[in-house]
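These notes are about the structure you will find just below.
Only the coordinates and a few stated rules stand behind these numbers; no lab work does. The shown structure was predicted, so the numbers you read here are calculated from the model rather than taken from an experiment. Virtual Cβ from ideal backbone geometry, glycine too; neighbours counted across all protein chains shown.
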Amino acid sequence: IFGEEYLSFQKYLIPNSFTYIKILVKEGWIDRETGKRKDPNMTFVEFKMLQDVFQLFAKKINILLDVKDLNANFIENLSKVFQENRGDNPVTFDVLELEKVKIEKPTQDVLKILEKVQEPILFDTIDVDDDAEVVFTEEVFEDDEPIILPPVIETAVEETKVVTRLWMQSRKLKLKISNELLIELERLQVDFKLN
């Protein structure tokens, strides 16, 4: 960036600051003498500070709630935050009923040995008539080493599973999506997504 473009957007080009830049790239002109395209032409369309862009591009907020966390005190605190941040952006509530499930999985040693055992068996190609019956058998050779499996030790892994999911879009509640709102939601330990 240089020349007149630099002068018009100079106030956004501050060291150690985050800047949103919108650029329009056009194909280069065709050189009449050589017939080749020149370098693409870049035009700087828009510059903004990154903290200002956040409020412009955030269209709606999706609040994720666990049924177990819902109680009168939590709802009252959440309602206060919503009242302080009234605005024009729609709000969606995603209420989840979660269940923790223990799954027993074999250890890595057993899995590695089982992978070796299940290596593909290669067959030579044989010309066979269409009417002939083909039988595949597993051949055991004398030089094959017996595979000794260690005792199977299973480890219990806890996973979270969604039992019920209820998605509700609020008709009346609209919020102003701002840094303050997101900080308050994080303080209340509320999960959210921005679209």
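Tabulated results
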{"item": "Rounded to whole Hz, the Karplus (6.51, -1.76, 1.60) HN-Hα couplings of segment 77-88, x for glycine and proline", "result": "5, 5, 5, 4, 4, 5, 5, 6, 10, 4, x, 10"}
{"item": "Under 5 Å, built H, 5+ apart or other chain: amide partners of residue 174", "result": "87"}
{"item": "Segment 1-57, dipole about Cα centre (Lys/Arg Cβ +1, Asp/Glu Cβ -1), debye to the nearest 20", "result": "100"}
{"item": "Table column - 3J(HN,Hα) (Hz), segment 156-161, Karplus curve with 6.51, -1.76, 1.60, x for Gly and Pro", "result": "8, 10, 9, 10, 9, 10"}
{"item": "Sites residue 163 and residue 4 - FRET efficiency at Förster radius 41 Å, r taken between beta-carbons, to 0.05", "result": "0.10"}
{"item": "Segment residue 172-residue 27, extension gain: residue separation times 0.36 nm, minus the distance between their alpha carbons", "result": "47.4 nm"}
{"item": "3J(HN,Hα) from dihedral phi, segment 30-36, Karplus parametrisation 6.51/-1.76/1.60, rounded to Hz, x for glycine, proline", "result": "8, 6, 5, 6, 9, x, 9"}
{"item": "Gained length - residue 42 relative to residue 20, 0.36 nm times residue gap less alpha-carbon distance", "result": "6.3 nm"}
{"item": "Filter on 68/193; 48/176; 100/174; 80/172; 68/172 - keep pairs with C-alpha separation over 23 Å", "result": "100/174; 68/172"}
{"item": "Residue 57 versus residue 98: modelled label distance in nm, points set 7 Å from Cα along the beta carbon direction", "result": "2.8"}
